[in-house]
1. Run the simple label-point estimate for MET83 and ALA71 please: 7 Å along Cα→C-beta, distance reported in nm.
2. Take every Cα pair under 8 Å in region 39-136 that's 6+ residues apart, average their separations, divide by the length, and report that relative contact order as a whole percent.
3. Checking the table LYS44/LYS82; LYS68/LYS105; LYS44/LYS98; LYS105/LYS133 against a 19 Å threshold on Cα-Cα, which pairs fail?
4. At 1.4 Å probe size, with no ligands or nucleic acids counted, give the accessible surface of ASP124 in Å², nearest ten.
5. Rounded, prolate or oblate: which fits region 39-136, taking a ≥ b ≥ c as square roots of the Cα gyration tensor eigenvalues, rounded meaning a/c under 1.5, else prolate when a/b beats b/c?
Amino acid sequence: MKTIRFIPLILVFVITGCTKMGMMHESSMGMMHESSLYERLGGKPAIDAVVEDFVNRLGGDTRIKNEKVKARLAAISIPNLKMHLANLICAGTGGPCKYGGRDMKNAHVGLSITSHEFDLTVEDLVTTLDKFKVPA
Ligand code: HEM
């Protein structure tokens, strides 16, 4: 459960492959400007598409047999979960969004998520990122 505290950070690392890539582009004023990760990912539409695919993949992952997770997913609004996750990634990568959901500890408390289940979730995310050809 300790790892849950670090998951926003882990997610950003997974998406980037590493931190700052130092990619630059020229602004209309002719000045060099370092793109935010949010811009390099393709902005909110790209993040929304990745979140859509990832959450659907996770929800359908039969390797994850955690009954508490399944019951919670069945009880909540999945569009709401997707909206919160997309805003979390948007805000965490330098985008204009505000995250309005619970902190990671409170969102996942009582779900008894194991390290193995966490690893499977990361695998699902990597599969999604590969599908969308998100580069390192
Ligand atoms: C990189 C790791 C993860 C991130 C960034 C993340 C992020 C989030 C966010 C933003 C929410 C919505 C919070 C809210 O509605 O207030 C959420 C909810 C949830 N997450 Fe995660 N999560 C991660 C890992 C996991 C894992 C490993 C599982 C289970 C295998 C999981 C299962 C759930 C469930 C069931 C909910 C719904 C909780 C509820 O609404 O009561 N998450 N997560």
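The values are calculated or read from the model by the stated rules, or taken from the named source; none is laboratory data. These figures come from a predicted structure and were not determined experimentally. In this analysis, Cβ positions are derived from the backbone assuming ideal geometry, glycine residues included, and neighbour counts consider all displayed protein chains. Protein only, heavy atoms only, side chains kept; ligands, DNA and RNA dropped before computing areas. Shrake-Rupley method; radii C 1.70, N 1.55, O 1.52, S 1.80 Å.
1. 2.6
2. About 39 percent, as a whole number.
3. From LYS44/LYS82; LYS68/LYS105; LYS44/LYS98; LYS105/LYS133, over 19 Å: LYS105/LYS133.
4. Its heavy atoms expose roughly 10 Å² to the probe.
5. oblate
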